[in-house]
Every structure is written in structure tokens, then in C-alpha cells.
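Let me begin by presenting the structure, written as C-alpha cells, before commenting on it.
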Amino acid sequence: MDQNRISTEEFWNPEHVVEKFWNGLKEGTIYAKKCKECGAIEFPPHHACNACGYHDTEWTTLTGKGMLKTFVFTGALNARLELEDMGLKYVCGEVQFEEGPEMNAVILGISKKKAREITDHLPVRVRPVFYDMGRYTTLFFELDE
Ligand SMILES: [Zn+2]
């Protein structure tokens, strides 16, 4: 067998990766890719490994549980207008999934008062919220307390 042969369908069809990811969120599943060589987890899913450069990865899922490491309230320039329009309280922060990968995320339900309470206790546990935005479902987080 030719070791350099690229076996994943996704390699030739990156849109399939994107579609599976978004469809997964709709069903409450967080898809990621796991490197077949070094085991690193790629999130958002990507068809090659960023850790070691290996070309082949396989599908895996994340629980969505993780730790909120840092957060900020958004200012006028980086506000998420669609969230403001919905009247949601939120912050933007850095979440590390329990499986390893990190992402910049929106964390819902954090008021100024709550922010003051948790600031000295970071990192704090968060859990996923699959939020229906109308045309699509996206991944947010909330405090797991
Ligand atoms: Zn790898």
C-alpha cells in the first residue's frame, strides 16, 4: 500500500467537513478531528493535523465540557450584534475543552455581578449551549455550576 495515499474522503471534499460540523451542532454533537498519527484533536475540525502535519485524521466528538480560562466584556467595536439584538448577557472568552483544544467562545448569562464573582476563581467550569440562531445552530457556553 502506498503510504502517501490520502484516504480520507474529506481531504478531497473539505466542504463535507464544514457541513458535518454544522449539522452536528444542530443535533447537539460537537465534531472534531483526531490525528491518526499523534492523537492531537483538531477543533474546529480540519482534515490535516496542525500538531504534527500528518495528513490523515478521523472523526471524533467533544463533550463540550471545559474550562473558561479568561474572559472580557465586549466593547462597541467587537460586540456580537446578533446577541445584543436578542438581549443576551454574554462575555467572550477562552475555553479549553476537556479533550484539549481551545477556542474563543461566547459565554452566555454572565452579568457584571457574576463576572466579579468568578474573576478571582478562573478557570471555571463551563458546559455547551447549542443555540438556535434561526438559520443555523451555533455553539456557546454557560457556567457549569
Ligand atoms: Zn498529528
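A few points about this structure:
- Our summary gives region 9-62 a relative contact order of 32 percent, counting only alpha carbon pairs under 8 angstrom and 6 or more residues apart.
- Looking at the chain alone, DSSP beta bridges between its own residues are antiparallel in about 95 percent of cases.
- For the chain, the 222 nm mean residue ellipticity estimated from helices alone, with every DSSP H stretch of n ≥ 4 adding -39500 (n - 2.57) and the total spread over all residues, rounds to -5500 deg cm²/dmol.
- Relative contact order of region 63-129, pairs being alpha-carbon contacts under 8 Å that are 6 or more residues apart, as %: 43
- The distance from the alpha carbon centre of region 24-64 to that of region 96-137 is 21 Å, rounded to a whole number.
Every number in this text was worked out from the coordinates using simple rules, so none of it is lab data. All of these numbers come straight from a predicted model, not from anything done at the bench.
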